[in-house]
Amino acid sequence: MNPSTIIGMFASVVLLVSVLFFTAESPQSFLNLPGLAIVLAGTMAATFISYPLKEVVRVVRLVGLVFRRENTYIRDDIKELVDISRLWFKGDVRAVEAALEKARNPFLRTGIHLVIANTKEEEIFDLLRWRIARLKAREHAEAQIFRTMATYAPAFGMIGTLVGLVNMLEVMESGDLHVIGPRMAVALLTTFYGILLANLVFKPIAVKLERRTEERLIAMNMVLEGISLITKRRLPSFIEETLNSFVANYHDEIRDPSVAKRDAIDDQVQNAGP
């Protein structure tokens, strides 16, 4: 399970429970099935109108990724690239082909196969960059569907509000609060449901998918760089150090805070000297 998703869900549940139990006389007053149906059905209907069926079905399956901690196996890819570079540097093509059969990354396998086939370096890069661009475009479109749903949900919440107000105005003359109350609830709660779903469900899922795409693009560009170095017959040690820079985590790329602190202490010691 993805810990950040669990923390977010727990925090949202605590927030909603606090709102329901500490600001309302009856928590059931925030439950209005007709209003919720207007928002959900309207959002889904508009989404199906906007996108092809296969795309909507595919992104619905992606919701599970939000709750899973996906591993890009970037460390494994680095190890495989370095091992292959050593074999390629020795000129052992058969060993390279045997290593490729065990590789789990199809992007990596494609690039190395092209290298073995003596394909021109420019053609290899053009093909691999095209695959990177295709993945980026496809996954951006998937996240965009959830952003579109986040736009539709508040809009249908307002539609539900208008419906509730119209129904309420029809019975205003009766003065019966038992009749006016439910219609007023539909008018107010549909907007509440629309805003809640947009900002607590649809937008967070879209952001999560976009972050997943960024991580996958980093991994693919790392593999692309490794293949580039292999085609140039760089030393395996140089390739390893270069690829490790893709996963190196520096809090500050310009200055190391620990070194700066140590320098400051040294200066104080020198200034405090006899």
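The values are calculated or read from the model by the stated rules, or taken from the named source; none is laboratory data. Predicted, not measured: the structure shown is a model, and the values here were computed from it. Heads up, the Cβs are rebuilt from the backbone with ideal geometry, glycines too, and the neighbour counts pull from every protein chain shown. With ligands, DNA and RNA removed, areas are computed over all heavy atoms of the protein, side chains included. Shrake-Rupley method; radii C 1.70, N 1.55, O 1.52, S 1.80 Å.
Based on every Cα atom in segment 1-83, Rg and the maximum pairwise Cα distance Dmax equal 20.1, 67 Å.
Taken along the Cα-to-beta-carbon direction at a fixed 7 Å, the label points for Arg147 and Glu225 span 2.7 nm.
Normalised by 2.2 N^0.38 Å, where N is the number of residues, the alpha-carbon radius of gyration of segment 202-244 equals 1.61. The simple spin-label model puts a point 7 Å past each Cα toward its Cβ; for Phe10 and Leu31 those points are separated by 2.5 nm.
Of the peptides 116-123, 128-135, the order by per-residue mean of other Cβ atoms within 10 Å, starting with the highest, comes out as 128-135, 116-123. State the percentage of accessible surface on segment 44-170 attributable to carbon and sulfur atoms; use a 1.4 Å probe and exclude ligands, DNA and RNA. Carbon with sulfur: 58 percent of the solvent-accessible area. Span-like helix check, the chain: qualifying full DSSP H segments, with Cα axial length of 27 Å or more and mean Kyte-Doolittle of 0.5 or more, are 3-23, 177-197.
Does anything in segment 81-105 have its amide N under 14 Å from the 7 Å Cα→Cβ label point of Asn244, and if so which residues? Residues passing the 14 Å test: 82-83. Counting Cα-Cα pairs of the chain in 10 Å increments starting at 0 gives whole-percent bin shares of 6, 19, 20, 17, 15, 12, 8, 3, 1, 0. Per residue, the accessible area of segment 1-155 comes to 63 Å², computed with a 1.4 Å probe over protein heavy atoms only. Per residue, the convex hull around the alpha carbon atoms of segment 66-174 comes to 128 Å³.
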